[in-house]
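A short worksheet on the structure shown next.
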Amino acid sequence: MKWFISHDTLRSLFQETLEKDCGEKVSHCYQCGKCSAGCPISFQMDYLPNQIMRMVQLGMEDQVLSSRTIWLCASCLTCTVRCPREIDIAEIMDYLRRRAYKKQVIPLEETEIPLFNKIFLRNIELFGRLYEMGLIGMFNLLSGEFFKDFSCAPKMFLKRKIGIFPHRAKNIREIRDIFKRSGKLAHSKKDRLLHPKLLFLNLFRKFIGKIEKLK
Amino acid sequence: MRYAYFPGCSLHSTAKEYDLSTKAVAGTLGIELIEIPEWICCGATPAHITMHLLSLALPVKNLLLAKKMDSYEVATCCAACFNRLKVANHFMENDSVHRDKVNEIIGEQYSGEVKVRHFLDILINVFWLKNLSERIIKRLDNLKVACYYGCLLTRPGEVTQFDDVEEPHLMDDLMKILGVEPVDWPYKTECCGASFSLTKTDIVLKLSGDILQMAYDEGAQAIVVACPLCQSNLDLRQAMINKKFKKNFDMPILYFTQLVGLALGIDPLKLGLNKHIVNPLKLIKSVGVL
Ligand code: SF4
Ligand code: SF4
């Protein structure tokens, strides 16, 4: 049986909310596939970018928010500059990730990227500028990959490319205020920056993975 | 020519040589770059993925710091910072809803009056290539490079207003002036995996490996970049790429400022050419510059 997607099926509440919140007209997408053709990460995604657009049109919110695709998108903007319907697909990916954070949907497969983003932001909130050592150390610790990129470290130190101590910002108060007020205005609580549930899940999965390898 | 200079986090750590060479070139040409005091991180990709307002507020804070220096033009070298600053400006200029919210967060009034320029753009469109060509002491003939722009420098076109989004040519033009031959290759704006360097290293290795291979196949002896993230993915990760895909690339990844500096007769050490993981000095000697 052929199933035709009609004009009615394509008017989901999810699509309406998205269009209202981020101003991008997903309904304009006519599934040409140009976004997916140029996407450098498509080989790793579970749904291609154009499929995500269709899923939004059809209102498949749960599947979209728990997909790997939204986290794997590298924000390279290739799709955005190419879309013949002038849809900013990268912005939609951003919106979907922010929505996933807000709804606390934790993707089952891609836990590193959401974790990394939060550690990165926390780092800026603490130091004002990126403190690489802190970022790498914290990420390795919390993602359970303790010795990742260990081989690169000596080279970086020798070339004096990475500092041991963080920069001390004089205006750190102001910076923290910016973080606080941005969170308030966006109705996202600051303590969600590092969610224990996410951390636990991450470490647990790494642990299981290691045990399976040993077997 | 006087600019408020926004180096960004990378140029103070992993991309020190970009910072050094930019300052050296600017100094030689008489372009004044004054670092914005107490500048803060622009938030990069994690901010716009996580909190939209924060991703605008952080760059705006920096633009306001520049404004307080009485400087209405900011110069930056990092393609990612450039992109974030430009996007924030675009919102502050054209979107009153976001402008009001961001002004509330910062506690000051701003509506996009500080202009942002990439150093490449300053060299080409403010200093002018013709003036630059008159200052060249050593032409870098016999060198063949692939100009790699990466994804964020030119996109989105209406925001960055920088170069052609699909077929950029500013860096190629600059190289020709120096005597360097840019190869015609299809991966100018391909993505290197940028922000996934730590989280999804496998993806970065695959994407960066493809870029190296393409440059090599087109006969390039080095890749020239304008972004610290591209540089570190291609340079620092090159050994891992070689190991994983059983290749033996030995491709130096240079910043455009370093080549300009060499042509202006600046000492290679002042350009940070000793700071690369894949040593470029061999290649530079072989083309007879040193
Ligand atoms: S390029 Fe635009 S119109 Fe084409 S499938 Fe992608 S989002 Fe839809
Ligand atoms: S912005 Fe994301 S979805 Fe679009 S091409 Fe780049 S990686 Fe793919």
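How large, in percent, is the carbon and sulfur part of the accessible surface of segment B:81-240 at a probe radius of 1.4 Å?
Of all accessible area on segment B:81-240, carbon and sulfur atoms account for 47 percent.
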So what does B:L262 come to for accessible area, using a 1.4 Å probe and Å² rounded to 10? 10
Point-to-point label distance, B:E32-B:E134, nm (Cα→Cβ direction, 7 Å offset): 2.1
Estimated [θ] at 222 nm from DSSP helical runs (n ≥ 4, -39500 (n - 2.57)) normalised by residues in the protein assembly as shown, nearest 500: -15000 deg cm²/dmol
Checking A:N140, A:N171, A:N123 against a Gaussian network model of chain A (alpha-carbon springs below 10 Å), the top fluctuating residue turns out to be A:N171
Enter the accessible area per residue of the protein assembly as shown (Å², integer; probe 1.4 Å; all protein chains in place). 43
Nearest 10 degrees, 0 to 90: helix A:49-58 Cα axis against chain A principal axis: 60
Length-normalised contact order for chain A - Cα pairs under 8 Å, 6+ apart - percent: 17
Please report the buried accessible area for the interface of A with B, total over both chains, probe 1.4 Å, in Å² to the nearest 100. 5200
Distance cut-off 24 Å, Cα to Cα: go down the list B:K61/B:K275; A:K161/B:K115; B:K138/B:K282; B:K144/B:K285; B:K67/B:K130 and report the pairs above it. B:K61/B:K275; A:K161/B:K115; B:K67/B:K130
Cα-based helix-to-principal-axis angle, A:89-102 vs chain A, degrees rounded to 10: 70
What average count of beta carbons from other chains do you get within 10 Å of the Cβ of residues in A:115-128? 5
Sulfur and carbon atoms: percent of accessible area, chain A [1.4 Å]: 59
Solvent exposure ordering (accessible area, 1.4 Å, most first) of B:V114, B:V97: B:V97, B:V114
To the nearest 20 debye, the protein assembly as shown has a Cα-centred charge dipole, built from +1 on Lys and Arg Cβ and -1 on Asp and Glu Cβ, of 1820
From Cα pairs below 8 angstrom and at least 6 apart in sequence, can you work out the relative contact order of segment A:15-116, rounded to a whole percent? 30
At what distance in nm do the modelled label points of B:F249 and A:K184 sit from each other, each positioned 7 Å from its Cα along Cα→Cβ? 4.8
Positions from segment B:52-98 whose accessible area shrinks by 30 Å² or more when the full protein complex is built, not the chain alone, probe 1.4 Å: B:H52, B:L53, B:L54, B:L58, B:K61
Using a 1.4 Å probe, how large is the accessible area of B:K270, given in Å² and rounded to the nearest 10? 130
Could you let me know the centre-to-centre spacing of segment B:134-152 and segment B:22-85, using Cα atoms, in angstrom? 25
Any chance you could check segment B:1-29 for residues losing 30 Å² or more of accessible area when the partner protein chains are in, compared with the chain on its own (1.4 Å probe)? B:C9, B:S13, B:T14
At R0 = 30 Å, FRET efficiency that the Cβ-Cβ distance of B:D210 and B:E104 yields, to 0.05: 0.10
Compute the long axis of helix A:112-127 from its Cα atoms, compare it with the longest principal axis of the Cα atoms of chain A, and write down the angle in degrees, 0 to 90, nearest 10. 50
Using a 1.4 Å probe and counting only protein heavy atoms, arrange A:F179, A:F200 so the residue with the most accessible area comes first. A:F200, A:F179
Excluding ligands and nucleic acids, what accessible area in Å² is computed for B:K188 using a 1.4 Å probe, to the nearest 10? 10
Using Cα-Cα distances under 8 Å and only pairs 6 or more residues apart, what relative contact order does chain B have, in percent? 20
Partner aspartates and glutamates whose C-alpha sits under 15 Å from that of A:K118, ignoring same-chain residues fewer than 8 away, are A:D94, A:E110, A:E132, A:D191
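The values are calculated or read from the model by the stated rules, or taken from the named source; none is laboratory data. All figures in this text were calculated on a predicted structure; none of them were measured in a lab. Heads up, the Cβs are rebuilt from the backbone with ideal geometry, glycines too, and the neighbour counts pull from every protein chain shown. Ligands, DNA and RNA are stripped out before the accessible areas are found, and what is left, the full protein with its side chains, is counted by its heavy atoms. Shrake-Rupley method; radii C 1.70, N 1.55, O 1.52, S 1.80 Å.
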